[in-house]
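The values are calculated or read from the model by the stated rules, or taken from the named source; none is laboratory data. Everything numeric here is computed off the predicted structure, so don't read it as measured data. Glycine gets a Cβ as well: all are built from the backbone with ideal geometry, and neighbour counts include every protein chain shown. SASA here: full protein model, heavy atoms, side chains in, ligands and nucleic acids out. Shrake-Rupley method; radii C 1.70, N 1.55, O 1.52, S 1.80 Å.
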Amino acid sequence: AADVATWEWDLGSGVLAWSENAPTVLGLAGAPGSYERLIECIHPEDRKGVEQAISDCLEGVTRSFRSEFRVLRSDGSSGWVEGRGRALQVPGARPERVLGALADIRERKQGEQVRLRRREELRSLIEDLELAAVLIDPNGKARIWNRKSLELFGLSEARASSAGAFMN
């Protein structure tokens, strides 16, 4: 698929080999040839988390890593990528190679942002109603309470958020 790239990192040589479509997934003119160059492509606010996930894997804290992060694309825009990897090693020895994949998750992240924005718009609309209103999910759990409904039921916001099923 055009939106997934695979990679192999030889820890001895430091060479990071990529599948042909890596530049497309990362939004770069060419594939980064080293770990350091890859880290430079990651948004500064996300670098520490990605580096920690990889470090934990290399140190044996975890067997693999998964991280979602923003990348700085060659055209000046940013994109979202999910990176996964696993260190390969002989038992009792340090890892020799790391294999992994990167997936372009921009569309999913855009969808998440739209859903969050719509939820906040709905929350605002319900809060502004002059009537008591409660948004109940398909499982009968009250998800959003407005001020009037809290007053009507004599609940605090904390109590309402932990109330559980509204209707059985």
Which residues' amide hydrogens lie under 5 Å from the amide hydrogen of residue 28, considering only partners 5 or more residues apart or on another chain, with H built in the peptide plane? 74
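For region 1-62, compute Rh as the Kirkwood radius over C-alpha pairs and then the Stokes-Einstein diffusion coefficient at 20 °C and 1.002 mPa s; write the answer in µm²/s, rounded to an integer.
Numbers: Rh = 12.6 Å.
Here the translational diffusion coefficient equals 171 µm²/s.
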With bins of 5 Å, the percent of all Cα-Cα pairs of region 7-126 per bin from 0 is 2, 11, 19, 22, 17, 11, 8, 5, 4, 2, 1, 0
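Express the carbon and sulfur contribution to the solvent-accessible surface of the chain as a percent, rounded to the nearest whole number, probe 1.4 angstrom. Kindly include the intermediate steps, with their values, before the conclusion.
Values: 5430 of 10590 Å².
Ligands and nucleic acids excluded, carbon and sulfur give 51 percent.
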Can you return the lysines within cross-link range of residue 109? Criterion is Cα-Cα under 27 Å, with same-chain partners fewer than 8 residues away left out. 48, 141
A correct Karplus calculation of ³J(HN,Hα) over region 24-34, with 6.51 cos²θ - 1.76 cosθ + 1.60, θ = phi - 60°, whole Hz and x for Gly and Pro, returns 5, 4, 7, x, 10, 6, x, 6, x, x, 9
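How much net charge surrounds residue 21 when only other residues with a Cβ under 11 Å from its Cβ are counted (Lys, Arg +1; Asp, Glu -1)? Walk me through the numbers before you get to the answer.
Details: positive: none; negative: 3, 20, 104.
Local charge sum for residue 21: -3.
Per residue, how many Å² of accessible area does region 39-135 show with a 1.4 Å probe? Could you put the intermediate results ahead of the total?
Values: 6340 Å² over 97 residues.
Normalised by residue count, the accessible surface of region 39-135 is 65 Å².
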How tilted is helix 44-58 with respect to the longest principal axis of the chain? Cα atoms for both, answer in degrees (0 to 90, nearest 10). 60
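Just order 138-144, 40-46 by mean Cβ neighbour count inside 10 Å, highest at the front, would you? Write out the running numbers ahead of the final one.
Details: 138-144: 12.9, 40-46: 14.6.
The densest-packed peptide leads the list: 40-46, 138-144.
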